[in-house]
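The structure appears right after this line, and notes come after that.
The values are calculated or read from the model by the stated rules, or taken from the named source; none is laboratory data. All of these numbers come straight from a predicted model, not from anything done at the bench. Using ideal geometry, Cβ is built from the backbone for each residue, glycine included, and neighbour counts are taken over all protein chains shown. We work out accessible area using only protein heavy atoms, side chains counted, and drop any ligands, DNA or RNA first. Shrake-Rupley method; radii C 1.70, N 1.55, O 1.52, S 1.80 Å.
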Amino acid sequence: MRAGSHQYLIHNHHDLLGGGVVTPQQFRDLRASVPSPVTIVTTADENGPVGATVSAFMPLSINPHLILIAMEDSSRVLDRIRERGQFAVNILAEQQAELAMIFGGPGREKFAHAEWHLDHGLPRFDRVASWLSCEVADTLPGGDHVILLGKVTAVSNTETAPMVYSHRLFGTHSEFAHRPKRALEESIGAFRR
C-alpha cells in the first residue's frame, strides 16, 4: 500500500474481526498496562447511596461539556444511575487506594467505610483530587459494558495528585506528584495577563 492511501487491505473476514487470535487474558493484560484514572462513580436515591470503582473514564467534549464512563452491563450501580438519570465521578487522590479497593469489590455497606457527603444530591468523597456531577446524556452498548455519556453540571478541582492504575498497581504520574507548587500570587497574576 502506498503512503497516504486510505484504502485498507482486508485479506479475509478474520482480518476484520480479529480472527480470534487475541485471548481474553492477553486483552486483560493490555487493558491493565494502559494508565487509567481511578474513579468511583456514585449516585443516590431513596434507597441510599451506591458506588463502584471505574477506570474507564475520560473527558469527551468541551461543547457541550461531556464525559464518558464505561460500566459492566450487569452493574447494580449502573441500574440505579439509569433510574435516577444522574451520577457523580469522584476522581481519587493518590492516597485513596483503599477506597478504590473497597468500591471495586463486593458488598453493600461500602459507604460505612468512607468519609463522604452529598453535593448536588450526589455522593462526594472527602479529599478526592476532583469531583463532577453529571446528567445521563446517552447510553451506548460496549460489549460486556455500557458506555455512559454524562453532561457535566458541576465541577470541583484541587491541586491534589490524582491516582492512576497501570500494570495492576495504583500510583500517580511522578512528574505531577513532584511538580513545584506555584505561589498563590503567581497563579492570580496569570489570570490578569
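Observations on the structure shown:
- Checking each residue in the stretch 143-160 for being of a type outside the set (Ser, Thr, Tyr) and loosely packed, with under 14 Cβ neighbours inside 10 Å picks out Gly143, Asp144, Ala154, Val155, Asn157, Glu159.
- Positions within the stretch 116-155 being small (Gly, Ala, Ser) and farther than 30 Å from Phe27 by Cβ, in sequence order: Gly121, Ser133, Ala154
- Among the residues of the stretch 82-105, those that are open to solvent by less than 40 Å² (accessible area, probe 1.4 Å), over 28 Å from Pro64 (Cα atoms) and not hydrophobic (A, V, I, L, M, F, W, C) comprise Gln96, Gly105.
- Considering only residues in the stretch 106-129 that are of a type outside the set (A, V, I, L, M, F, W, C) and surrounded by 18 or more Cβ atoms within 10 Å (Cβ to Cβ), the one that is farthest from Thr42 (Cα to Cα) turns out to be Lys110.
- Restricted to strands (runs of 3 or more DSSP E) entirely inside the stretch 1-65, those with at least 3 residues that are closer than 30 Å to Pro123 by Cα, of a type in the set (S, T, N, Q) and modelled with pLDDT of 80 or more are 39-45.
- In summary, Arg124 fulfils each of the numbered conditions (1) modelled with pLDDT under 90; (2) under 20 Å from Val38 (Cβ atoms); (3) not in a helix (DSSP H, G or I) with the single exception of condition (1).
- Selection within the stretch 38-55 - open to solvent by less than 40 Å² (accessible area, probe 1.4 Å) and within 15 Å of the chain's Cα centre (by Cα): Val38, Thr39, Ile40, Val41, Thr42, Thr43, Gly51, Ala52, Val54
- Among residues of the stretch 67-91 that are over 23 Å from Met163 (Cα atoms), those with a Cβ under 6 angstrom from a residue that is among the aromatic types (Phe, Trp, Tyr), sequence gap 6+ or separate chain, pair up as Ile81/Phe87.
- The set of residues from the stretch 66-109 being outside any loop (DSSP other than H, G, I, E, B), polar (S, T, N, Q) and more than 13 Å from the chain's Cα centre (by Cα) comprises just one member, Gln86.
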